[in-house]
Amino acid sequence: MGQVDIAKLIDAAEPDVVILERVAYGAGQTNWFVCRESGEYRTVFAGLRPGSRVTVLLDGQIARSRYSDSVRATILRIAAAEHDCVVGVLSADPARLTVEFIAGPGELDEFEETLGDHSEVYVGPFPGPDDDGVKAITFTVPDEDGVVRPHPH
């Protein structure tokens, strides 16, 4: 799928498109981004590392919510079912998410200490490398020489 198609899909998606970058040779390193307005993804895409595998979530799988008791219950439910839950907050860079992987109540208690009463969080299960063109798009960023190669992520 070409970048033009990706651009159209992102522009048509629900607000808050979450982008996961799995860094090539990064020993599990990930970078997380959120595009809250149409066109923000261009800046994110320009900074992706060569060889990274990127998943663009178009369906709200990782959704923004105001932190509350019901969001806490959702986090714990996802963590119990999936072994952990992705919980992110916007960083100083408005397109970047700072993400924690919460596995249970103790970790969530520690995380809560960093939040204000009305903090927005992004919550959901860790996404697979889905690529159905509707809910998610996954692609590999070409290496610096323009060739797409398989790398460990």
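Read the figures in this text as sums done on the coordinates, not as results from a lab. Predicted model, so just to flag it, every value in this text is computed and none were measured. No Cβ is skipped: glycine too gets one built from the backbone with ideal geometry, and neighbour counts run over all protein chains shown.
Of all complete DSSP H helices in the chain, those with a Cα span along the helix axis of 18 Å or greater and a mean Kyte-Doolittle hydropathy of 0.0 or more are 69-82.
Would you give the gap between the C-alpha center of the stretch 96-153 and the C-alpha center of the stretch 17-55, rounded to a whole Å? About 9 Å separates the Cα centre of the stretch 96-153 from the one of the stretch 17-55.
Dividing the mean sequence gap of close Cα pairs (under 8 Å, 6+ apart) by how many residues the chain holds gives a relative contact order of 30 percent.
To the nearest 20 debye, what charge dipole does the stretch 19-80 have about its Cα centre, counting +1 at the Cβ of each Lys and Arg and -1 at the Cβ of each Asp and Glu? Spell out each step's value before the answer.
Numbers: 9 positive and 5 negative charges, 21 e Å.
The calculated dipole for the stretch 19-80 is roughly 100 debye.
GNM on the chain, alpha-carbon springs under 10 angstrom: the most fluctuating residue among Ala80, Ala24, Ala63 is Ala80.
For Asp145 and Arg77, compute 0.36 nm times the residue count separating them, minus their Cα-Cα distance, and round to one decimal in nm.
Going from the current span to full extension adds 20.1 nm.
Neighbour counts of C-beta atoms inside 10 Å place Arg96, Arg22, Arg149 in the sequence Arg149, Arg96, Arg22, starting with the fewest.
Looking at the calculated P(r) for the chain, what percent of the C-alpha pair distances fall above 23 Å? Counting every Cα pair in the chain, those more than 23 Å apart make up 37 percent.
Which value, to two decimals, describes the C-alpha radius of gyration of the stretch 63-126 once divided by 2.2 N^0.38 Å?
On the way: Rg = 10.8 Å, N = 64, 2.2 N^0.38 = 10.7 Å.
Dividing the Cα Rg of the stretch 63-126 by 2.2 N^0.38 Å gives 1.01.
Springs join every pair of Cα atoms under 10 Å in this Gaussian network model of the chain, and among Phe111, Phe33, Phe126 the largest mean-square fluctuation is at Phe111.
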